[in-house]
């Protein structure tokens, strides 16, 4: 995404100070960033901080800028206009076409979709007027990043909290390349590691971080899908804007959560690292060391196999396989046995890394046939977890 042009617009809310870090992250990722401020935004932050971080121009007013038509120049320059934080006031102006300062005027002149990041008191956010204005912007194909829920600066707890800047960066990357092309799709994603209890203290698990499953859930939701995340242990919180995020500790719990939901899904992406075995008996008290050194294990339910047996023709089932060796052959074997539409194979040696490599196998168009199987195609993709997630989604769309 190097040198894509982001116009970061900061309005007068207490969360304005968080936009400094957002500007910094965007610059580090290689974007060219210019900043626009409302008069009230400058009561919370100093424009010079943004200029120093972005190494670019800052703009504050219609009539005190060296450019005599700055609202047109900035509107034409930007690949994406990001309003973060967006107050109820600027949302109302954008929805109703009111142009009474630099920011509101350039919003009228900008011809591409906006990314609006609301942040305000919970009562203001859920008010009928604000929700109607947000819906108006959605109807015009603008992107709204849902605020998170938590303690607000005003002392209230609820929806309206400025979301993590990492989520805003992910949204920017997504909307510049994909838009909301999955609107209307229902997708279930599983992620993370299950924990199989031995006693109240000990358990059997694996090294899965859940990063790939979280990236898939994030990318799917930002692209407009209705995402249901069923997860075990994960090393980061789920995106706050998912339709549902359900924690399940064991394979049995994950099986129940998945099977109760899968019938209504268009896609099921099984990225979780589910334990293959569990202790036959779980002790209610912590076992002495002498009694815990020998465990009898039994198989856990095979969730992916069950889904393969029960899925409908219109549903797409995608599995993952982490292997140490002979990746292609072992992946092909799992694809056939579990009756999958596509499988993503990764080497355990790079599992959990922020930059990774995955081989995708399925009936993919315009990709050379695998020598091992003349009915299947395979391609290896590399990149960050979010980049891989988007590419996997693109391949699922071709099935």
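The values are calculated or read from the model by the stated rules, or taken from the named source; none is laboratory data. Since we're looking at a predicted model, the values are computed, not measured. Cβ coordinates were reconstructed from backbone atoms using ideal geometry, including for glycine residues, and neighbour counts include every protein chain displayed.
Search region 246-270 for residues being over 17 Å from residue 185 (Cβ atoms) and in contact with a helix residue (DSSP H, G or I) (Cβ under 8 Å, 6 or more places away or on another chain), and hand back the single one that is surrounded by the fewest Cβ atoms within 10 Å (Cβ to Cβ). The selected residue is 259.
Of all residues in region 271-282, those satisfying the criterion of being farther than 24 Å from residue 340 by Cα, out of contact with any helix residue (DSSP H, G or I) (no Cβ under 8 Å at 6 or more places or on another chain) and either free of Cβ contacts under 8 Å to residues at least 60 places away in the same chain or assigned to a strand (DSSP E or B) (or both) are 279, 280, 281. Within region 29-43, the set of residues being surrounded by fewer than 18 Cβ atoms within 10 Å (Cβ to Cβ) and either in a strand (DSSP E or B) or at pLDDT 95 or above (or both) comprises 39, 40, 42, 43.
The residues of region 63-90 that are more than 16 Å from residue 19 (Cβ to Cβ), buried (at least 19 other Cβ atoms within 10 Å of the Cβ) and in contact with a helix residue (DSSP H, G or I) (Cβ under 6 Å, 6 or more places away or on another chain), listed by number, are 71, 74, 75, 88. Taking (1) touching a strand residue (DSSP E or B) at 6+ places or on another chain (Cβ under 6 Å); (2) under 25 Å from residue 152 (Cα atoms) in turn, residue 126 satisfies each apart from (1). Being over 21 Å from residue 272 (Cβ atoms) and either surrounded by 15 or more Cβ atoms within 10 Å (Cβ to Cβ) or at pLDDT below 95 (or both): is that true of residue 380 here? Yes, satisfied.
Only residues that are surrounded by 15 or more Cβ atoms within 10 Å (Cβ to Cβ) and either assigned to a loop (DSSP other than H, G, I, E, B) or modelled with pLDDT of 95 or more (or both) were counted in region 283-298, giving 3. Of the helices (runs of 4 or more DSSP H) contained entirely in region 114-190, those carrying at least 1 residues that are more than 18 Å from the chain's Cα centre (by Cα), surrounded by fewer than 17 Cβ atoms within 10 Å (Cβ to Cβ) and free of Cβ contacts under 8 Å to residues at least 24 places away in the same chain fall at 128-139.
Would it be correct to say that residue 316 is touching a residue at least 24 places away in the same chain (Cβ under 8 Å), under 28 Å from the mean Cα position of the chain (by Cα) and either more than 30 Å from residue 199 (Cβ to Cβ) or exposed (fewer than 15 other Cβ atoms within 10 Å of the Cβ) (or both)? It is true that residue 316 is touching a residue at least 24 places away in the same chain (Cβ under 8 Å), under 28 Å from the mean Cα position of the chain (by Cα) and either more than 30 Å from residue 199 (Cβ to Cβ) or exposed (fewer than 15 other Cβ atoms within 10 Å of the Cβ) (or both).
Looking at this structure, is residue 350 over 26 Å from residue 388 (Cα atoms) and surrounded by fewer than 15 Cβ atoms within 10 Å (Cβ to Cβ)? No: the conditions fail for residue 350.
Kindly establish whether residue 51 is out of contact with any helix residue (DSSP H, G or I) (no Cβ under 7 Å at 6 or more places or on another chain), part of a helix (DSSP H, G or I) and surrounded by 17 or more Cβ atoms within 10 Å (Cβ to Cβ). The answer is no for residue 51.
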